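Below is one structure; the comments refer to it alone.
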Amino acid sequence: MSKPIIILGAGGHARVLADALLPLEISGFTDSNPLKVDSPLHHAAVLGGDDVALAYSPDDIQLVNGVGSVGIAIGKKGAALDTLGRVTLFKRFRSAGYRFLDVIHPSAIIAPDVALGEGVQIMAGAVLQTGTSIGDNTIVNTRASIDHDCHIGAHVHIAPGAVLSGGVTVGDYVHVGAGATIVQGIHIGANCMIAAGAVVIRDIPAGETVIGVPAKEVKDE
Ligand SMILES: CC(C)(COP(=O)(O)OP(=O)(O)OC[C@H]1O[C@@H](n2cnc3c(N)ncnc32)[C@H](O)[C@@H]1OP(=O)(O)O)[C@@H](O)C(=O)NCCC(=O)NCCS
């Protein structure tokens, strides 16, 4: 029998993950709000706060990181991600020995040689071409497209509809906004925020927020 699956979180991203996992059944969601406990959510109920997972030994359960990340950053250098605790949650349970399940929607197209880290989430309609690698706890969201030989770090969010051309590298903790385009061969440093709809045509050093077409740096306030 397969191990129970718990999705940590009970918001919109968590519900999309529950759909992507079908026909696998999940045991439940977690939510810090006690009023939501036992309420039916989406294929399953809220079981309690995140600590309900600790009732299981790490070998007896599979976790899914259900916390999404939206990316809010102007004037806050280096604060591109983890506004909602996604990274903290992953690190907390990994350091306690728990493992995170990869979630791959059946409609995603992934070349056979693509390397996927632990707890990656490849959502509906995403395309990952040959030679690409995706780091731990990274989301490639709905209909995002990552072409050949791209290297995407850990704890990255490639938001819906973003397009990465061939040979792009993206550092850890980066948010690539919805509908952004990154042209071929670009390097994006760690902790960057690429605004929704931006078109990146030059390398971006670590910690920058860039916006617009072509994408330009937004300075700290
Ligand atoms: C770039 C971004 C991080 C800025 O967020 P913010 O710090 O809250 O910025 P604000 O909304 O206060 O806007 C500040 C200014 O930037 C402009 N701006 C914000 N986002 C912009 C964008 N994507 N493209 C162009 N201009 C943008 C605003 O119009 C505003 O301009 P003004 O000062 O002339 O009025 C955010 O807008 C963004 O694009 N986030 C990514 C969202 C995303 O990918 N969501 C997917 C979730 S699954």
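Quick note: the coordinates plus some simple rules give every number you see, no bench work behind them. What you see is a predicted model, and the numbers here were worked out from it, not measured in a lab. In this analysis, Cβ positions are derived from the backbone assuming ideal geometry, glycine residues included, and neighbour counts consider all displayed protein chains.
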> For helix 86-95, what angle does its Cα long axis make with the longest principal axis of the chain, in degrees from 0 to 90 and rounded to 10?
Replying inline: 60
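In deg cm²/dmol, rounded to 500, what helix-only [θ] at 222 nm does the chain give when every DSSP H run of at least 4 residues adds -39500 (n - 2.57) and the total is split over its residues?
Details: 2 runs with 20 residues, N = 221.
Calculated mean residue ellipticity at 222 nm is -2500 deg cm²/dmol.
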>> Of the candidates Gly177, Gly66, Gly185, which one comes out as most mobile in a Gaussian network treatment of the chain with C-alpha springs shorter than 10 Å?
In response: Gly185
> Of His42, Leu54, Val210, which is farthest on the positive side of the dipole of the chain, counting Cα position, with +1 on Lys and Arg Cβ, -1 on Asp and Glu Cβ, and the Cα centre as origin?
Replying inline: Val210
>> Using each residue's phi in the stretch 96-110, evaluate 6.51 cos²θ - 1.76 cosθ + 1.60 at θ = phi - 60° and report the 3J(HN,Hα) Karplus result to the nearest Hz, with x for Gly and Pro.
In response: 8, x, 7, 10, 10, 6, 6, 10, 10, 5, x, 8, 6, 10, 10
> Given Cα pairs under 8 Å that are at least 6 residues apart, what percent is the relative contact order of the chain?
Replying inline: 13
>> Let me spell out the model: positive unit charges on the Cβ of Lys and Arg, negative unit charges on the Cβ of Asp and Glu, origin at the Cα centre of the chain. What dipole size does that give, in debye rounded to 20?
In response: 340
> Where Rh is the Kirkwood radius over the Cα pairs of the chain, the temperature 25 °C and the viscosity 0.890 mPa s, what D in µm²/s does Stokes-Einstein return?
Replying inline: 140
